[in-house]
Amino acid sequence: MGDFKSGFVNIFGYPNVGKSTLINALIGEEISIVTQKVQTTRQRLLGLITTKSFQIVLSDTPGILEPKYELQKAMMADIESAFEDADMILYLTEINDHLEKHLPYLEKIKKLHIPYYLLINKIDLGEQKKLEQKITEWEAHVEKKHIVPLSALHKFNIIALLDEIKKNLPVHAAYYDDDILTDKSERYIASEMIRKQIFLKYEQEIPYSCEVVVTSFKEEEKIIYINADIYVSRRTQKPILIGKGGKMLKEVGTESRLEMEMFFNKKVYLELYVRIKENWRDKPNDLRRFGYNK
Ligand SMILES: Nc1nc2c(ncn2[C@@H]2O[C@H](COP(=O)(O)OP(=O)(O)OP(=O)(O)O)[C@@H](O)[C@H]2O)c(=O)[nH]1
Ligand SMILES: [Mg+2]
């Protein structure tokens with residue numbers, strides 16, 4: 001066991017670049033929710049790949065932003081914590097990005113003196129010529145060996161990236177048991193599946209004003225009984241969430257239940273309640289209770 005390798009490989013990038021899609025592609029399971037909206041991920045989440053010779057401890061993180069309210073400050077605190085414990089960094093960008101906004105982060109990463117990769121994601125959205133152009137632009141700032149083009153969505157170049165990660169893992173004992181897939185509980189994963197449906201189905205402020213807490217998770221041989229509270233931050237949001245005759249909330253329940261059944265490989269009975277917690281996004285106590293880094 002003397003040459004077992006293990007390390008924290010932390011993914012960073014602006015909102016919506018595909019960080020959660022990437023961790024799912026690397027792990028091979030949907031452990032982190034993905035939507036087309038920015039700021040989908042709110043908390044750092046670990047995903048593990050363990051074999052006989054190595055353990056990769058990946059971290060998905062929220063997208064980098066200028067915090068405007070307490071929840072966003074907590075999201076940034078998670079990014080900071082992932083910065084501090086990284087053994088390796090995967091900094092994700094998109095093929096159509098301008099370089100300028102990334103350069104300050106790149107400088108910060110270089111100063112850590114740990115292995116890092118500049119990943120160019122969503123290459124399926126650009127022509128080969130465009131990609132070559134983008135790589136040339138990046139080469140002015142990053143050595144070519146650090147640049148990896150990929151498509152997290154289409155799982156293109158994921159194996160090559162895994163090989164690079166393995167090569168640069170430090171020699172270290174495993175940090176977690178070999179049967180652990182993520183640091184998050186089944187309750188948390190279930191709550192995220194509900195939040196995902198809220199992100200997919202509602203517009204404007206609603207997704208950003210909701211938090212989901214699983215209050216009960218009872219697993220029996222053939223079925224899991226799950227109760228969850230959805231908190232809104234203003235009274236007026238409750239009827240919007242529920243929809244006419246309860247239609248919208250019912251859809252959220254059905255879709256998230258189906259996803260849970262796939263993930264847990266069991267029948268699920270799901271009950272949702274909508275509750276009001278005025279202005280929770282700005283209250284450190286509420287955020288702490290919701291599990292944020294406050
Ligand atoms: N075309 C294309 N779309 C992608 C690719 N990777 C991710 N996406 C899409 O980009 C959107 C955002 O993906 P996420 O994985 O949620 O992005 P994120 O960086 O985790 O976003 P936040 O959690 O909000 O910071 C989703 O609609 C994904 O399907 C890719 O390789 N190609
Ligand atoms: Mg995400």
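General remarks:
- Of the trypsin sites (Lys or Arg not before Pro) found in region 136-237, those that fall in a DSSP loop while having at most 11 other beta-carbon atoms within 10 Å are Lys222, Arg235.
- Residues Glu143, Glu211 in ascending order of nearby Cβ atoms (within 10 Å, fewest first): Glu143, Glu211.
- Largest GNM mean-square fluctuation across Ser81, Ser191, Ser32, computed for the chain with C-alpha springs under 10 Å, falls on Ser81.
- Estimated dipole of the chain in Debye, rounded to 20 [Cβ of Lys and Arg +1, of Asp and Glu -1, Cα centre]: 900 debye
- Trypsin sites (Lys or Arg not before Pro) within region 81-137: DSSP coil, no more than 11 neighbouring Cβ in 10 Å: Lys111
- Inter-part distance, region 4-56 to region 81-146, computed on C-alpha centroids, equals 17 Å.
- Region 165-294 - charge dipole about Cα centre, Lys and Arg +1 at Cβ, Asp and Glu -1, debye rounded to 20: 540 debye
- In Å, descending, principal axis extents of the Cα set of region 69-224: 54, 45, 33
- Hull volume per residue, based on the alpha-carbon atoms of region 1-88 and their convex hull, is 84 Å³.
- Residue order for Thr50, Thr40, fewest other beta carbons within 10 angstrom first, comes to Thr50, Thr40.
- Trypsin sites (Lys or Arg not before Pro) restricted to region 27-89 and DSSP loop, no more than 16 other C-beta within 10 Å: Lys37, Lys52, Lys68
- Counting neighbouring beta carbons within 10 Å and listing from fewest to most, the residues His102, His154, His146 come out as His154, His146, His102.
- Secondary structure note: in the chain, about 35% of the DSSP beta bridges are antiparallel.
- For Ala74, net neighbour charge (Lys/Arg +1, Asp/Glu -1) across residues whose Cβ lies under 13 Å away: +3
- Comparing Ser59, Ser185, Ser209 in a Gaussian network model of the chain, where Cα atoms under 10 Å apart are tied by springs, the biggest mean-square fluctuation is seen for Ser185.
- Sum of -39500 (n - 2.57) over DSSP H runs of 4+, divided by residues of the chain (222 nm, nearest 500): -10500 deg cm²/dmol
- Each distinct pair of alpha carbons in the chain adds a 1/r term; the inverse of their mean, the Kirkwood radius, is 20.3 Å.
- When the square roots of the Cα gyration tensor eigenvalues are ordered a ≥ b ≥ c, the ratio a/c for region 240-294 is 1.5 or more and a/b does not exceed b/c, which makes its shape oblate.
- Taking the inverse of the mean 1/r over every pair of distinct Cα atoms in region 186-289 gives a Kirkwood hydrodynamic radius of 13.9 Å.
- Other residues within the sphere of radius under 14 Å centred on the Cβ of Glu84, judged by their own Cβ, net out at -1 (K and R +1, D and E -1).
- Using Cβ point charges alone (K and R +1, D and E -1), the dipole size of region 60-157 about the Cα centre works out to roughly 260 debye.
- Placed amide H near Leu92: partners under 5 Å, 5+ positions off or other chain: Phe12, Gly13, Leu119
- For the residue pairs Lys155/Lys267; Lys110/Lys145; Lys144/Lys166, the alpha carbons lie more than 26 Å apart in Lys155/Lys267.
None of the figures in this text is laboratory data; all of them are computed from the coordinates on show. All figures in this text were calculated on a predicted structure; none of them were measured in a lab. Because the Cβ atoms are built from the backbone with ideal geometry, glycine has one as well, and the counts that use them run over all protein chains shown.
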